[in-house]
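Notes for the one structure printed next.
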Amino acid sequence: MAILLDDGKKQYKANLHAHSTESDGKLSVNELTVKYKAEGYSVLAITDHETPLRHSDLSTDDFLLLDGYEAYIRPSSKCIFNRFKPEIHLNLIAKSQSNKEEWMEAGHLPYLGYNFFYTKYFDKKSAKKLDVARKLKRRRFTTHFINSFIECAHDAGYFVFLNHPYWSMMEQKELFELNGIDSVEIFNYSSMLVNDDEGDVKFYDSLLRHNKRTYIIKKDDKKPFCHGSDDNHNSNKEIDDSFGAFTYILADSLDYDSISKAIEKGDYYASTGPRIKKIEISGNNAHIWTDDCKSIIMHVTPKFSCRKYSKDDEPLNEAVFKIPGSCNFVYFSVRDKEGKRAVTRYYDVKH
């Protein structure tokens, strides 16, 4: 029997993509911390645009801040935003706290590829001083450059997350040629409020099934995982872009090393509402337990899935599926009565 999602570990609710007043957010780091802690979150990554600041030192026993920042690459050599052209945004999350002081002065993270036009919110002298990948100085919106950027981010000790693929407007064939993405943001609440369609599960499914072994893969030849985030800026007075998409991380304890190890292993899943309690495989059977929901699906291909639906509005919280012998991987999704969804990473299936 293989336990894919372990109910013996606590699930920590996390927002892995947020913006503060250090860039274009409207709430301070402290205000964001108070806001998310009050809503039952345990983990928050404040990822301000091109602003590599440390925040994990502000963590408490019951609330963890992860260090990181959001990097982006645009077709414009001067980083000019164009709503009609594609671009790419990557969240860089520091894997550990242990080696930061050898890279930088206190309070800062390693910066990748200093470029005058990209440091809109961060002090340019500090950015230039902190640059650990000077070969990336001239940013180009090409597959080769983006792959080099991702490689340098890994070398600098970061996880690399692909942000809001639909909003970014890059073609799938271009995204399939990237190497080294650790996780894909399949739910982005802020972008959902913009385009009403930032649910990138279909893209994630296509990525997993792509027949080239050079698609978005990690160096150990694993496919990427998936997560959900708010990407909140808190600038809209009519609609709050917080608490709409999140990630449940399964870890041994609430400390930086344990959460980082869980991210490395893929012990997390994306959600906009429901919680998945446990998944195990015994022989050719997959068994999943969830919160009360309307449907549970084991995805094989878009043409075939194993599914179970609640009947007569009775709550559904468990399903057993037989794994087809012809598939190489599966992933699971859950939908509640309000239409909110949870989606797991892929799981390799060995026959």
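Here the relative contact order of region 13-103, from alpha carbon pairs under 8 Å that lie six or more residues apart, stands at 23 percent.
Exposed loop sites were defined as GluC sites (Glu not before Pro) in DSSP loop states (anything but H, G, I, E or B) carrying at most 13 other C-beta atoms within 10 Å; in the chain the longest segment without such a site runs 239-337. For the chain, the 222 nm mean residue ellipticity estimated from helices alone, with every DSSP H stretch of n ≥ 4 adding -39500 (n - 2.57) and the total spread over all residues, rounds to -5000 deg cm²/dmol. Straight Cα distances below 20 angstrom link residue 303 to the aspartates and glutamates 200, 205, 348, with same-chain residues fewer than 8 positions distant left out. Note down the relative contact order for the chain as a percent, whole number, built from C-alpha pairs under 8 angstrom at least six residues apart. RCO, the chain: 16 percent.
For the chain, the longest piece that avoids every one of the chymotrypsin sites (Phe, Trp or Tyr not before Pro) found in DSSP loops with at most 12 other C-beta atoms within 10 Å covers 85-351. A DSSP coil position with no more than 11 other Cβ atoms inside 10 Å describes the following trypsin sites (Lys or Arg not before Pro) in region 105-205: 138. Remark: region 275-292, residue by residue, has Karplus-estimated 3J(HN,Hα) of 10, 9, 8, 6, 9, 9, 10, 10, x, 9, 10, 10, 10, 10, 10, 9, 4, 4 Hz, where x stands for each Gly or Pro and the curve is 6.51 cos²θ - 1.76 cosθ + 1.60 at θ = phi - 60°. Extension gain, residue 168 to residue 10, is 53.5 nm, computed as 0.36 nm per intervening residue step minus the present C-alpha separation.
When a/c is below 1.5 the answer is rounded, else prolate if a/b is larger than b/c, else oblate, so apply that to region 37-102 with a ≥ b ≥ c taken from the square roots of the Cα gyration tensor eigenvalues. The shape class here is oblate. Label-to-label distance, residue 137 versus residue 3, with points set 7 angstrom from Cα along the beta-carbon direction: 5.2 nm. Placing +1 on the Cβ of every Lys and Arg and -1 on the Cβ of every Asp and Glu, with nothing else charged, gives the chain a dipole about its Cα centre of roughly 1360 debye. Under 5 Å between amide hydrogens, built in the peptide plane, is the criterion, and for residue 349 it picks out 329, 330 among residues at least 5 positions away or on other chains.
Here, each number is a calculation from the coordinates, and none is a lab measurement. All of these numbers come straight from a predicted model, not from anything done at the bench. So basically every Cβ, Gly included, is an ideal-geometry build from the backbone, and we count neighbours across all protein chains shown.
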